[in-house]
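Read the structure below first, then the notes.
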Amino acid sequence: METKMLDAHIPLPLAERLDALAIDLALPRDEIVTDAITAWIDQEERRRITALRTIAAANTIVLIEHHRAIDWADSL
């Protein structure tokens, strides 16, 4: 797979946590960062799809006249 080098400035405490995790898990930092970015993007894509589906569902709601709802409720 082709890769692309990205530069990011992150707070020093976060970088230290990343370094410690990489040592503890015996994994390269770039693998941990790739996994974290992948998980975040997947989550955001799911949220976006959910929001779009919700909007689409709201646009298809069928409205009825008030008196028809009352008549239906009275018939129960």
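The values are calculated or read from the model by the stated rules, or taken from the named source; none is laboratory data. Model, not experiment: these values are computed from the prediction. Here the Cβ is made from the backbone with ideal geometry for all residues, glycine too, and neighbour counts use every protein chain on show. These area figures cover heavy atoms from the full protein model, side chains too; ligands, DNA and RNA do not enter into them. Shrake-Rupley method; radii C 1.70, N 1.55, O 1.52, S 1.80 Å.
Here are the numbers for the structure shown:
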{"quantity": "Pairs, first among the aliphatic types (A, V, I, L, M) in segment 3-16, second open to solvent by less than 80 Å² (accessible area, probe 1.4 Å), C-beta under 8 Å, six or more apart", "calculated": "10/18"}
{"quantity": "One residue from 48, 53 being open to solvent by 100 Å² or more (accessible area, probe 1.4 Å), modelled with pLDDT of 95 or more, assigned to a helix (DSSP H, G or I) and of a type outside the set (Ser, Thr, Tyr)", "calculated": "48"}
{"quantity": "Residue 62 vs. criteria aliphatic (A, V, I, L, M) and either under 23 Å from residue 8 (Cα atoms) or assigned to a helix (DSSP H, G or I) (or both)", "calculated": "no"}
{"quantity": "Pairs with Cβ under 6 Å, 6+ apart, first in segment 27-44 and under 15 Å from residue 7 (Cβ atoms), second among the aliphatic types (A, V, I, L, M) and assigned to a helix (DSSP H, G or I)", "calculated": "29/18; 29/22"}
{"quantity": "Any hit, segment 7-22, residues being open to solvent by 80 Å² or more (accessible area, probe 1.4 Å) and under 16 Å from the mean Cα position of the chain (by Cα)", "calculated": "no"}
